Amino acid sequence: MQKSVLLVGESWTSSATHVKGFDQFYTATYHTGADAFIAALKESDYQVTHMPAHEAQAQFPTTLEALQAWDVVILSDIGANTLLLHPDTWLKSRRTPNRLTLLHDYVAGGGNLMMVGGYFSFQGINGGARYRNTAVEKVLPVRCLPWDDRVEVPEGASAECITQHPVLDGLAGEWPWLLGYNEVEMHPDGQLLATVSGTGHPLLAVREYQKGRTLAWTSDMSAHWLPDEFCQWDGYRRLWINALDWLTQARS
């Protein structure tokens, strides 16, 4: 029986101005960073539903019961504001549930949460992701820094596995390089599995929080921090399946 995964975020729209002499025109382009992840999990035990960032503001669950329909929730490159500012609050000044608090309660009650890095994960670009000191940060295996936490590594950085753990099963040997990540600190109750080589910065960490489990991967799930070589690596699929297997494993 397949388990259900809600992947939230990993989409954006860019606009461009084209100037040709006297004339100019504008275009808008929609992008998604979820394709490689979704493709990797085809024909697996996990059914992934992608909720793009522009849909999440209105459609992300507003009740604990609705969240509990999912075996795993993944937040990837989507800032806290999108979940905090439901259109009824942002546009109509109405009270709405705090969906960061709902995520905390979801994990505490036995749900499973993964946060994947990006420009609007953890604390993010210019500090704009804003997960520091939130109910979501409270359940994570890592703590967010109080500033822009991006570390760009255009020359490439390597992962270093530092312990044995089910999430790392079958992933021995050298991993493809990374081009960046979010810098975070370990939570005292988190377990560090892998670092960015030479820095000590957490790359992969897990935690058991009350009845649930959480996992943090501080680099991307695709471009630009995760290059094609990583997404095409045999271990890419293994890494995500291992992560989901551990998150959804029944606890005694």
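The values are calculated or read from the model by the stated rules, or taken from the named source; none is laboratory data. Worth saying up front: this structure is predicted, and the values here are computed from it rather than measured. Note that each Cβ is placed from the backbone with ideal geometry, even for glycine, and that neighbours are counted across all protein chains shown. For accessibility, only protein heavy atoms count, side chains too; no ligands or nucleic acids. Shrake-Rupley method; radii C 1.70, N 1.55, O 1.52, S 1.80 Å.
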_Tabulated pairs, the stretch 125-148, first farther than 17 Å from LEU85 by Cβ and among the aromatic types (Phe, Trp, Tyr), second assigned to a helix (DSSP H, G or I) and at pLDDT 95 or above, C-beta under 8 angstrom, 6+ apart or interchain_ = TRP147/GLY127
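For the stretch 86-129, how many residues are among the small types (Gly, Ala, Ser) and either assigned to a strand (DSSP E or B) or open to solvent by less than 20 Å² (accessible area, probe 1.4 Å) (or both)?
Total meeting the criteria: 8.
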*asked:* It is to be established whether one or more residues within the stretch 16-39 are open to solvent by less than 60 Å² (accessible area, probe 1.4 Å), in a helix (DSSP H, G or I) and touching a helix residue (DSSP H, G or I) at 6+ places or on another chain (Cβ under 7 Å).
replied: yes
_Name the single residue that is nearest to ALA129 (Cα to Cα) among those in the stretch 173-185 being open to solvent by less than 70 Å² (accessible area, probe 1.4 Å) and not in a strand (DSSP E or B)._
GLU183
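Of the residues that sit in the stretch 130-151 and are part of a loop (DSSP other than H, G, I, E, B) and in contact with a Cys (Cβ under 7 Å, 6 or more places away or on another chain), which one is least open to solvent (accessible area, probe 1.4 Å)?
This residue is TYR131.
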*GLN47 fails exactly one of the following numbered conditions: (1) touching a residue at least 60 places away in the same chain (Cβ under 8 Å); (2) farther than 22 Å from THR96 by Cβ; (3) not in a loop (DSSP other than H, G, I, E, B). What is the number of that condition?*
(1)
*What is the one condition in (1) within 23 Å of TYR181 (Cα to Cα); (2) open to solvent by 60 Å² or more (accessible area, probe 1.4 Å) that LYS42 does not satisfy?*
(1)
*Could you list all residues from the stretch 52-85 that are assigned to a loop (DSSP other than H, G, I, E, B) and either modelled with pLDDT under 95 or open to solvent by 30 Å² or more (accessible area, probe 1.4 Å) (or both)?*
THR62, THR63, GLN68, ALA69, TRP70, ASP71, ASP77, LEU85
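Table: residues versus (1) at pLDDT 95 or above; (2) charged (D, E, K, R).
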position	(1), (2)
GLY170	yes, no
GLY173	no, no
PRO176	yes, no
MET186	yes, no
GLY198	yes, no
HIS201	yes, no
GLU229	yes, yes
LEU244	yes, no
LEU247	yes, no
*Out of all the residues in the stretch 154-172, which are part of a loop (DSSP other than H, G, I, E, B), of a type in the set (Gly, Ala, Ser) and touching a residue at least 24 places away in the same chain (Cβ under 8 Å)?*
SER158, GLY170
_Considering only residues that are touching a Lys or Arg at 6+ places or on another chain (Cβ under 8 Å) and either open to solvent by 50 Å² or more (accessible area, probe 1.4 Å) or in a strand (DSSP E or B) (or both), which ones fall in the stretch 186-201?_
MET186, ASP189, GLN191
_HIS224 being at negative phi, free of Cβ contacts under 8 Å to residues at least 60 places away in the same chain and touching a Gly at 6+ places or on another chain (Cβ under 8 Å)_ = yes
